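> Before anything else, here's the structure in question.
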Amino acid sequence: MRQSPLRIVVGTLLATMLCSLPRARAEVKPGDVITKDNASKVADLVSPGNYVLVREDMQLRIVPTDKLDWPPPFKAATEKYSAQVQLGADGALKGYVSGQPFPLVDPNDPQVATKVMWNFSYRPLYSDDIDMRYPEVATFAKNAAGSPLSYYTVGHFAFYNNIGRIEVPPIPVDPDGVASGLRYRFGFYPFLEPSSLRGYGMVRQRHIDPAIEDNTWVFNPATRKLRRESAAVLSDAIGALPGFSGGGGGGYGGGAGGSSGASAYANTLDPDSYFGFSAKIEDFNYRLLGEKQMLASVHAVHSPETQCPLDGGKTICPEDWEMRHLYVIEADSKPGRDATIPKRIFYIDSEGWFITASDQYDRDGKLWKTIATFNTYRDRPVPDARVAIYPYKRMFQLGLVDEDLDTGYSSIVYMPGATAPDRECWYIDMGTVDNAFLEPQALERAGH
């Protein structure tokens, strides 16, 4: 079959870039198992923060590199619409319809870093909607012995896009986007356990207009009230949980090592770090630090993911890691924004366009927190799936580790969790959620 001109150009450009990259030194090879005893082998092949996790005994199984390909509808939309997309001088996206905004990435382009971030924002994981059911979040202390300090189970982790739609009508724009001015809606609700948080949840709305901050609502079962939350707390782990809003420390649930009440709400993960990064692209300045061959988990084998037996459960292991071509991007909060995490460094896969790792720095410029994500590429989330079966392979994120390197506390997101009553859990571009499902009033009804 004759290839389109865009495919030929993309393939040629990527091949040229890969050939021009310096070869990674042969510290590791398929079949190697990396533990804390031989962690030095991967010192230059993982992020500095992820290297701490390996030294703490997050075990890596090295496997051969395998290819990721985009879902065919995403490819077709990219070929149809990408030529008209532009980036404004302020970094705002113009002329976008659907697919990937910038399939041709030139490392010499002065705006290359911002274009990489927009490619991440419109990555091929999903284009229309996601209903990721029954995620579980466990938080562990520094010297964990397998039992978490806190454990949350949530009904839905869901998105609905108004623009960039490809598979589920209305295509390519939901009329609600024009009427409401919203690019997408996101919901993380209702909490099912622990019982003290049952009914809690959050809804977040992202505007098309970059000058408008995200709308965020939370429902707190203790007060039985729906309330608007400040966008400033979305980079703060404290702001992710009820009873701790307004904190500025970015801590772990208001002091997880203190009283039993505080420990019950232990947490290190902030809402801006979901999927590696969920803040507004326009709120940061970006710089390309380089392109590197590094290790990442992109063909993970476990679903649900496994609690690491070697470090007391603080991470996910053992799991498959492979050499990948990554973009390394520094993100600095724009002046005037009081972000709890002012600087992040992302490691972004050049085929899947998801974040494989993120190191986060405090206001003094010190490495503070690190994120490792665990992704896979299949035509179904689990081998015995009956509903979530796709006519092509697509990408899934199965887990995320977020560790505070100062305190040693870590929060693990399992997508799905081991106790999920629905084994399939990942429903992508299937129309399982809509705008009404992610309205604040739906959050309140579910909470009650």
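The values are calculated or read from the model by the stated rules, or taken from the named source; none is laboratory data. Nothing here was measured: the structure is a model prediction, and the numbers come from that model. We place every Cβ from the backbone using ideal geometry, glycine too, and count neighbours over all the protein chains shown. These accessible areas exclude ligands, DNA and RNA; they are computed on the full protein's heavy atoms, side chains included. Shrake-Rupley method; radii C 1.70, N 1.55, O 1.52, S 1.80 Å.
> Going by average Cβ density within 10 Å per residue, which order do the peptides 394-403, 272-281 take, highest to lowest?
Those peptides, ordered most packed to least, come out 394-403, 272-281.
> Could you run the Karplus curve 6.51 cos²θ - 1.76 cosθ + 1.60 with θ = phi - 60° over the stretch 409-421 and give me ³J(HN,Hα) per residue in whole Hz, x for Gly and Pro?
These are the phi-based 3J(HN,Hα) values: 6, 9, 10, 10, 9, 9, 10, x, x, 5, 9, 4, x Hz.
> Follow-up question, since we're still on this one. I'd like the accessible area for W217, computed on protein heavy atoms only with a 1.4 Å probe and all protein chains in place. Round to 10 Å², please.
50 Å²
> Turning to a different aspect of this structure: Which pairs in the list K41/K142; K115/K292; K225/K369 are over 21 Å apart, alpha-carbon to alpha-carbon? Show your work: numbers first, answer last.
Numbers: K41/K142 24 Å; K115/K292 18 Å; K225/K369 32 Å.
Violating the 21 Å limit, Cα to Cα: K41/K142; K225/K369.
> Starting at the first residue of the stretch 385-400, write each ³J(HN,Hα) from the Karplus equation 6.51 cos²θ - 1.76 cosθ + 1.60 with θ = phi - 60°, in whole Hz, x for Gly and Pro.
4, 10, 10, 7, 10, 10, x, 7, 6, 9, 9, 9, 9, 9, x, 8
> Given H placed on each backbone N at 1.01 Å, which residues far from A92 in sequence or on other chains put an amide H within less than 5 Å of it?
Those lying under 5 Å, H to H, from A92: there are none.
> Run the simple label-point estimate for V173 and S147 please: 7 Å along Cα→C-beta, distance reported in nm.
5.6 nm
> Next question, about the same structure. Determine the per residue accessible area of the chain with all protein chains present and a 1.4 angstrom probe, expressed in square angstrom.
39 Å²
> In what sequence, highest mean first, do 347-354, 441-448 appear when ranked by Cβ atoms within 10 angstrom?
Top to bottom by mean Cβ count within 10 Å: 347-354, 441-448.
> Here's another thing I want to ask about it. Where the centroid of each part is defined by its Cα atoms, how far is the stretch 167-193 from the stretch 24-102 in Å?
If you average the Cα positions of each part, the centres end up 27 Å apart.
> Near D131, within a Cβ-to-Cβ distance under 13 Å, what is the net charge of the other residues, with Lys and Arg +1 and Asp and Glu -1?
Taking every Cβ under 13 Å from that of D131, the sum is -4.
> Based on the mean of other beta carbon atoms within 10 Å per residue, what is the order of 118-128, 39-49, most packed first?
Peptide ranking by packing, descending: 118-128, 39-49.
> Another question, if that's okay. Counting only other residues whose beta carbon sits under 14 Å from that of A211, what net charge do I get with K and R as +1, D and E as -1?
Summing Lys/Arg as +1 and Asp/Glu as -1 gives -1.
> Amide H to amide H under 5 Å from N220: which residues, 5+ apart in sequence or cross-chain, H placed 1.01 Å off N in plane?
Sorted by chain and number, the residues that satisfy this are K225, R227.
> Let me ask something else about it. With the Cα gyration tensor of the stretch 303-407 giving a ≥ b ≥ c as the square roots of its eigenvalues, does the rule (a/c under 1.5 for rounded; else a/b larger than b/c for prolate; else oblate) give rounded, prolate or oblate?
Prolate.
> Below 8 Å, C-alpha to C-alpha, sequence gap of six or more: please give me the relative contact order for the chain in percent.
Working: 1104 pairs, mean separation 84.7, N = 448.
Averaging sequence separation for qualifying contacts and normalising by length gives 19 percent for the chain.
> Residues with amide H under 5 Å of H156's amide H, sequence separation 5 or more or different chain, H placed in the peptide plane at 1.01 Å from N; which?
HN-HN under 5 Å from H156: Y134, Y189.
> Just to confirm a number: summing +1 for Lys and Arg and -1 for Asp and Glu over residues other than I389 whose beta-carbon lies under 12 angstrom from that of I389, what do you get?
Net charge around I389: +2.
> Taking the dipole about the Cα centre of the chain, with the C-beta of Lys and Arg at +1 and of Asp and Glu at -1, give me whichever of G177, F74, Y134 is farthest to the positive side.
Going by the charge dipole, the pick is F74.
> A follow-up question, please. Determine ³J(HN,Hα), in whole Hz, for all residues of the stretch 155-165 in sequence, where each value follows from phi through the Karplus function 6.51 cos²θ - 1.76 cosθ + 1.60 and θ = phi - 60°; x replaces Gly and Pro.
Once rounded to whole Hz, the list reads x, 9, 10, 10, 10, 9, 8, 8, 10, x, 6.
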